[in-house]
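Structure record follows, encoded as structure tokens.
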Amino acid sequence: MIEISHSHAEGTVAEGTSKGDGAGDILKANGFTYRYGAWRVQGSRDRMSSWKIQAAAEALRAADFKVAVEVDDTPRSTAVVEAERAGRAAARAERFTGYSENAAGRSEAAEAGAREIQRHIPFGQPVLYGHHSQKKHEKALERIDSGLRKSFAEGRKATHWAGRAESAENAQRYRENVYVTLRRIDRMEAELRADRRIADRRAANGVTSAEPTRLDLRISHLEQRIAYWRAQVAAAEAAGAKVWRPADFAKGDVLQCGGSRWLRVVRVNKKSVSVEHPTNPTAPPVPLPYDGVTGHRTAAEHAAATNPEGSRD
């Protein structure tokens with residue numbers, strides 16, 4: 001019996017296969033990957049792909065396998081999901097850092113060994129062919145070459161794993177970035193509006209259900225996720241993070257976007273602020289997303305900053 005199960009904590013998992021029975025090929029063809037002792041759908045934790053489960057079950061049954069499917073589509077709280085995600089990112093970064101440090105240690109040891117052998121050979125000493133030292137000298141050169149090659153290879157491994165560790169840390173920081181979170185909220189709010197429209201059409205057509213439907217559960221879960229991420233933004237602002245919004249700007253203000261040049265605001269939009277073209281004043285304004293703003297002054301503040309003597313008159 002092959003059991004295909006799904007939960008938001010574990011994802012989609014297929015168990016009960018045997019090596020060489022052909023079930024693995026069927027599961028692989030339907031989006032499963034063998035990891036950690038079972039066939040799994042990658043990326044299925046906290047989201048379910050019902051069509052993959054159904055397609056895999058039908059293909060296995062068509063091949064005369066007995067299949068049981070058990071699905072628990074109850075979503076977990078966003079706080080739990082995000083805490084687990086952050087923990088996994090931290091664990092990856094720590095693991096990769098360890099790999100990098102170990103490789104760097106092996107690199108240093110291999111180079112030190114090669115340099116120690118090299119220290120006993122006089123600088124510029126050639127191999128004396130036919131001399132009794134020939135074989136020993138050639139063997140020493142081979143060991144030096146081997147040690148330096150190993151040092152170089154391990155150094156590349158150290159650099160690779162250090163990059164992987166940095167990527168794991170950066171990915172988590174990016175996910176928690178305030179502006180990334182605001183864009184995530186915008187996407188979820190759009191999904192919520194679409195789902196509510198569907199629910200309203202169903203209600204208008206008299207479609208009712210005694211139990212909550214998957215659409216009802218989805219709406220409830222989206223509302224919970226939006227509330228969680230809004231609270232995260234509020235906490236970041238309370239901790240001192242500046243979140244630029246349309247109310248912070250007015251036509252005629254000036255702002256910076258990473259460099260030293262100040263650009264004048266032409267128009268304030270919902271998602272961006274339009275500024276004068278930095279090199280051609282007659283060109284159309286350039287839209288700048290709010291997360292690209294690094295400095296802001298009102299027209300009066302800018303005049304005072306650029307002409308302090310005039311501001312005292």
Restricting attention to the range 154-174, and to residues there that are open to solvent by 50 Å² or more (accessible area, probe 1.4 Å), closer than 27 Å to A235 by Cα and of a type outside the set (S, T, Y), which single residue is nearest to the chain's Cα centre (by Cα)?
-> A171
Which of (1) assigned to a helix (DSSP H, G or I); (2) crowded, with 16+ Cβ neighbours inside 10 Å does W244 not meet, given it meets every other one?
-> (1)
Find the residue count for the range 172-197, including only residues that are over 20 Å from R47 (Cα atoms), of a type in the set (A, V, I, L, M) and either at pLDDT 95 or above or not in a helix (DSSP H, G or I) (or both).
-> 0
Tell me which residues, restricted to the range 229-241, are open to solvent by 50 Å² or more (accessible area, probe 1.4 Å) and assigned to a helix (DSSP H, G or I).
-> R230, A231, Q232, A234, A235, E237, A238
Only one of G87, G11 that is at pLDDT 90 or above and on the phi > 0 side of the Ramachandran plot = G11
On the given criteria, is H137 without any contact (Cβ under 8 Å) to a residue 40 or more places away in the chain and in a loop (DSSP other than H, G, I, E, B)?
-> no
How about the range 33-91: which strands (runs of 3 or more DSSP E) wholly inside it have at least 1 residues that are open to solvent by less than 80 Å² (accessible area, probe 1.4 Å), hydrophobic (A, V, I, L, M, F, W, C) and over 28 Å from E169 (Cα atoms)?
-> 38-40, 67-71
Please find, among E223, E276, the residue that is open to solvent by 70 Å² or more (accessible area, probe 1.4 Å), modelled with pLDDT of 90 or more and more than 24 Å from R193 (Cβ to Cβ).
-> E276
Sole miss for V180 among (1) more than 30 Å from F96 (Cα to Cα); (2) β-branched (V, I, T); (3) loosely packed, with under 15 Cβ neighbours inside 10 Å is condition (1)
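The values are calculated or read from the model by the stated rules, or taken from the named source; none is laboratory data. Small disclaimer: the values here were computed from a predicted structure and weren't measured. A quick note on method: Cβ atoms are made from the backbone with ideal geometry, for glycine too, and the neighbour counts reach across all protein chains shown. With ligands, DNA and RNA removed, areas are computed over all heavy atoms of the protein, side chains included. Shrake-Rupley method; radii C 1.70, N 1.55, O 1.52, S 1.80 Å.
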